[in-house]
Amino acid sequence: MLVSVPVADPRPLLGEPLPLDLLNTTWVSGDGLQDLLVDAEGARIFLDAHGFDAPADATARRALRETREVLRAFLSDRDSATARHEVNAVLARGAQRPLLNPFGVDVEVDAAAAWRVPWVCAAAMVTLLETRADRIRGCANPDCVLWFLDTSRPGTRRWCSMAACGNRDKAIRHGRSHQ
């Protein structure tokens, strides 16, 4: 009997809201920029982490990567009409509609199979922007590409991880002050 063993998620920052988690499918390691969505196995890790029973083929991965870059560009420059237009172009690829079932209501995403998950990610970004826009942050480490939702009480979180990027910055500043 064959047993499927789940592959561990290699990303350094997990548990962020869906659209930020999509952005965090790229990260920097000692080997340079990593991309979870370059192959079906990595895409499956992302999809499974969010309960998506969706394809991880080349077309679906391309749609996820395109949406990731569109959302990153928008968050990097929220005043950009071009970035806003690109997000709207992803949102135009689908729609959501309620469907009654015997137990209540289901919500169906009406989009091409490859664009269902990217559309859900873009729609979730809109909701996140409506409710917590002031708390969406990119890591303050200029060498880090990760994003997070600042859930700290004072709203002053600067680092994706204090253990990684925060301590690295403190060590650099400490070294400069003792030269």
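Numbers for the structure displayed
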| quantity | calculated |
| --- | --- |
| Free-standing Cys residues across the chain, given no other cysteine C-beta under 4.7 angstrom | Cys121, Cys165 |
| The stretch 42-127 - percent of accessible surface contributed by carbon and sulfur, probe 1.4 Å | 54 |
| Radius ratio Rg over Rh of the stretch 3-43, counting only Cα atoms, Kirkwood formula for Rh | 0.99 |
| Scattering profile of the chain at q = 0.13 Å⁻¹ [log10 I(q)/I(0), Debye over alpha-carbon scatterers] | -0.74 |
| Kyte-Doolittle mean at least 1.6, axial Cα span of 30 Å or more - DSSP H helices of the chain | none |
| Local electrostatic count, Leu99, Cβ distance below 10 Å [Lys/Arg +1, Asp/Glu -1] | -1 |
| Relative contact order (%) - criterion: Cα under 8 Å, at least six apart; region: the stretch 66-174 | 15 |
| Distance from the stretch 112-171 to the stretch 75-93 (C-alpha centre basis), Å | 17 |
| Accessible area in square angstrom per residue, the chain, 1.4 angstrom probe | 59 |
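The values are calculated or read from the model by the stated rules, or taken from the named source; none is laboratory data. It should be emphasised that the depicted structure is a prediction, and the values quoted were computed from it without experimental measurement. Heads up, the Cβs are rebuilt from the backbone with ideal geometry, glycines too, and the neighbour counts pull from every protein chain shown. Keep in mind that these areas ignore ligands, DNA and RNA; they rest on the heavy atoms of the full protein, side chains included. Shrake-Rupley method; radii C 1.70, N 1.55, O 1.52, S 1.80 Å.
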